[in-house]
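Each reported figure results from applying straightforward, stated rules to the coordinates on display, with no laboratory input. All values derive from a computational prediction rather than experimental measurement. Because the Cβ atoms are built from the backbone with ideal geometry, glycine has one as well, and the counts that use them run over all protein chains shown.
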Amino acid sequence: MPFSFEQMFMRGTQLACGTFLALHLGGCSDSGSTQPETANVSPPAPAANSQSGVEAATGQVATTDTLNALPPIRVIPRELDWGSTLPEKEVEGSVQLQNISDSPLKIVAVQSTCKCTTTKDLDGQVIPPGGQVTLDATLDPQSSVGTRTTLIKVLVEGYSKVLEINARAEISRPVRVRPQYINTILNPSDTNPDIGVTQQTGTLMVSSMDRQPFKILSVQGRPPVYGPRKNIFDQAAQHIIAYDIEDFRQLDGRYQRYVVIETNRADAPLIEVLLRHKDSALDLDRQLKLGAYMLNLGRTAPGGSVLKEHASREASSTGPIFAVTTNEPGITVEIESQEVNEDSDNLTTTYRFTVDPNKPEGMYYFPVTLYASNGADIIVPAFLSVRRPVTSDDEAGKE
């Protein structure tokens, strides 16, 4: 539910999760993201000489052994698997929580370790002996591709240990890249992961999920270099391309954060691959937490424009995005709209990128600077394919 920015700044600590405030939660794991979000909350200690709602219902008193044990709940299936989904497309899933004891169990709270996941409100729900309830969970994968894993934690009255449910999803575009990221450091040190042997070259396998042939137009805006044992086909369902990370070095000596593969498919014009290197990390401002630290803008024609939604976290403290800029010639950007989700405290900003009619065709990788109302700012990479639509006459001329 959207609300005004004046309300946003007044909310502050109202976003705390009630009695769940002290249950320690770690962040989600995302093979394509940078910083996972974390929250720190923990189950309240049981009050001395007090009787819980479950004890009152059963006439039983919780013992020390009970308090130190996991709640007697069977999770069916044991793991929540959302399966495969597209970036920025929400996916729903569920598991059953079955009470395998002979006493009712009262759920105090349910929370995910990642803000990308929302769960059905089961607070106060009592599961009768032998009964079960459905725990529904929705994943918002945002823009990042790769394997997303998180934990859903269930706190049950009378038990200090939290029930943990593993959840996972595979976020992939219709064209998939393996490996999902380029790891340039081999055999990192135990004390310093940046110390090791740099792997400068390698290959990437680029495949269509539907096995339909497609063409790679460029890699980082340049013609693709194909890997070994590759017969050069203009169109194929699978390509192996070779890379050298020195091709991705910027003028300032640092590496570009993403390697961008451009294809001729309308449903997957650009596929980004994270380049992991100590000299490719973004300069982050912790006061502005983003859902994704890049902007994949897809494709438009010269003279066209693209609308892009982008999320930021903790809107009540960050405030609205009040300005956005880019220094890419022939491309302008402006804020189209902003909306806050009252439940998640996420701000969704819609940006409009407009391309000059005289902008040459190609793939462009350029910086975009976001300025928040709390004084924070951050530079994120954006990439855009500028191509005129292929007409039937163009296709006929190729035959």
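What to note about this one:
- In this structure the amide hydrogen of Q199, modeled in the peptide plane, comes within under 5 Å of the amide hydrogens of I185, L186, none closer than 5 places in sequence on its chain.
- Straight-distance candidates among the lysines for linking to K215, with alpha-carbon spacing under 17 Å and chain neighbours fewer than 8 residues away dropped: K230, K398.
- In the calculated pair-distance distribution of the range 175-393, the portion above 28 angstrom amounts to 37 percent of the Cα-Cα pairs.
- 18 Å cut-off, amide nitrogen to a point 7 angstrom out along I185 Cα→Cβ, residues in the range 271-290: 274-284
- For the range 225-348, the share of alpha carbon pairs falling in successive 5 Å distance bins from zero is 2, 8, 13, 16, 18, 17, 13, 7, 4, 2, 1 percent.
- Annotation for R178 and Q238: the two label points, set 7 Å from Cα along the Cα-Cβ direction, are 0.7 nm apart.
- Of K89/K161; K120/K278; K308/K359; K115/K161; K120/K161, pairs whose Cα-Cα distance is over 28 Å: K89/K161; K120/K278
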